[in-house]
Amino acid sequence: MTKIHLETFGKGKTVVLIHGWAMHTGIWREFARQLARNYQVICIDLPGHGHSEAIDPCTLERISDELVKIILPFEKAGLGGICWLGWSLGATVVLDIAARYPQRVSSLILLAGNPLFAVGQTDLSPETQTSWPGMDVRLLDDFAGHLNENCQATLLRFLSLQVKGILDRKTLLKALKTAVFECDAPEQATLQGGLDILKQADMRPVLADLKVPVSVILGGLDTLVPVAVAQKMQQILPSVEVNIIDRAGHVPFLSHSRETLAIIARFMDRQCI
């Protein structure tokens with residue numbers, strides 16, 4: 001069985017936090033402790049990230065399977081239903097979990113996530129390529145190409161994009177670097193697997209079919225997930241709750257933690273889990 005690392009805080013209704021590409025649980029720690037004042041918070045290192053063992057192949061389905069297995073003891077302990085919160089790549093993961101393990105999901109929070117993260121793929125319809133707001137797939141291809149040349153520089157560039165355009169970005173970028181480089185960077189195969197998921201996964205049909213409550217939290221200045229995706233998500237799932245933090249970028253839980261905590265609390269307190 002793959003060794004998957006997790007950290008738990010607090011007690012009460014359960015929220016599972018799933019981080020983004022190239023990150024680990026350390027990115028959540030201060031935010032998780034604040035959230036844990038009212039809830040039980042479980043932070044998981046994705047396979048091959050932080051202190052979790054890598055998997056081969058590193059596919060979306062394998063990742064979801066591993067996360068569901070590691071959470072099972074918490075379900076058996078009688079802690080009630082689980083809200084899965086996914087940030088960025090993590091949002092794609094929790095959507096897959098909701099689709100393939102619907103009985104294991106009571107609600108979803110998509111934080112700076114996009115059901116179609118990358119646009120511009122040749123296998124998508126021309127209408128999708130031009131009408132769905134997303135990250136240009138060529139930029140992801142550029143990241144992939146540079147991983148072999150200089151992994152550290154590629155990760156630093158990705159961190160810089162997450163705070164681009166927001167106030168106090170230098171301070172926030174420093175905090176991001178400190179948290180991320182607390183652990184060794186994932187192996188290139190794991191990083192490439194994550195990029196492939198972001199490039200290829202189209203979770204819009206999953207979102208459209210969801211029967212559980214869903215909350216979306218977006219940053220108005222996010223350069224990776226365009227805020228315009230909010231309207232598109234509401235069109236395919238009218239019941240979705242959309243929250244936009246105007247001055248936030250791709251890491252609202254760090255730059256605007258108070259606002260993000262308040263949004264999560266309102267959503268959680270409405271759920272009978």
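The values are calculated or read from the model by the stated rules, or taken from the named source; none is laboratory data. As the structure is a computational prediction, the values presented were derived from the model and not from experiment. Because the Cβ atoms are built from the backbone with ideal geometry, glycine has one as well, and the counts that use them run over all protein chains shown.
Which fully enclosed helices (runs of 4 or more DSSP H) of region 84-198 have 1 or more residues being touching a Cys at 6+ places or on another chain (Cβ under 8 Å), under 28 Å from Ile264 (Cβ atoms) and at pLDDT 90 or above?
Output list is empty.
Within the bounds of region 177-193, is there any residue that is closer than 18 Å to Val119 by Cα and touching a Pro at 6+ places or on another chain (Cβ under 8 Å)?
Yes.
Return the pairs, sorted by first residue and then second, in which the second residue is outside any loop (DSSP other than H, G, I, E, B), the first residue lies in region 168-183 and is in contact (Cβ under 8 Å) with a residue 60 or more places away in the chain, the beta carbons are less than 6 Å apart, and the residues are 6+ apart or on different chains.
What qualifies is Leu172/Ser255; Leu176/Leu159; Ala179/Gly26; Ala179/Ile27; Glu182/Gly26.
Would you confirm whether any residue within region 208-226 is within 25 Å of Ala153 (Cα to Cα), surrounded by fewer than 19 Cβ atoms within 10 Å (Cβ to Cβ), in contact (Cβ under 8 Å) with a residue 24 or more places away in the chain and touching a Lys or Arg at 6+ places or on another chain (Cβ under 6 Å)?
Within region 208-226, one or more residues are within 25 Å of Ala153 (Cα to Cα), surrounded by fewer than 19 Cβ atoms within 10 Å (Cβ to Cβ), in contact (Cβ under 8 Å) with a residue 24 or more places away in the chain and touching a Lys or Arg at 6+ places or on another chain (Cβ under 6 Å).
For region 32-51, what are the residues that are in contact (Cβ under 8 Å) with a residue 60 or more places away in the chain and either farther than 29 Å from Thr190 by Cα or in contact with a strand residue (DSSP E or B) (Cβ under 6 Å, 6 or more places away or on another chain) (or both)?
Residues satisfying the conditions are Gln34, Leu35, Asn38, Tyr39.
Looking at the structure I just gave you, is Val206 of a type outside the set (S, T, N, Q), at pLDDT 95 or above and assigned to a loop (DSSP other than H, G, I, E, B)?
No, not satisfied.
If we scan region 166-178, do we find a residue that is of a type in the set (Lys, Arg), touching a Leu at 6+ places or on another chain (Cβ under 7 Å) and surrounded by fewer than 16 Cβ atoms within 10 Å (Cβ to Cβ)?
Yes, region 166-178 contains a residue that is of a type in the set (Lys, Arg), touching a Leu at 6+ places or on another chain (Cβ under 7 Å) and surrounded by fewer than 16 Cβ atoms within 10 Å (Cβ to Cβ).
Answer yes or no: is there a residue in region 244-254 that is more than 14 Å from Ile109 (Cα to Cα) and in a helix (DSSP H, G or I).
Within region 244-254, one or more residues are more than 14 Å from Ile109 (Cα to Cα) and in a helix (DSSP H, G or I).
Go through region 9-29 and give me each residue that's without any contact (Cβ under 8 Å) to a residue 40 or more places away in the chain and either surrounded by fewer than 21 Cβ atoms within 10 Å (Cβ to Cβ) or over 14 Å from the mean Cα position of the chain (by Cα) (or both).
Phe9, Gly10, Lys11, Gly12
Quick one: would you say Ile55 is more than 17 Å from the chain's Cα centre (by Cα), buried (at least 19 other Cβ atoms within 10 Å of the Cβ) and not in a helix (DSSP H, G or I)?
Taking the combined requirement at face value, the residue satisfies it.
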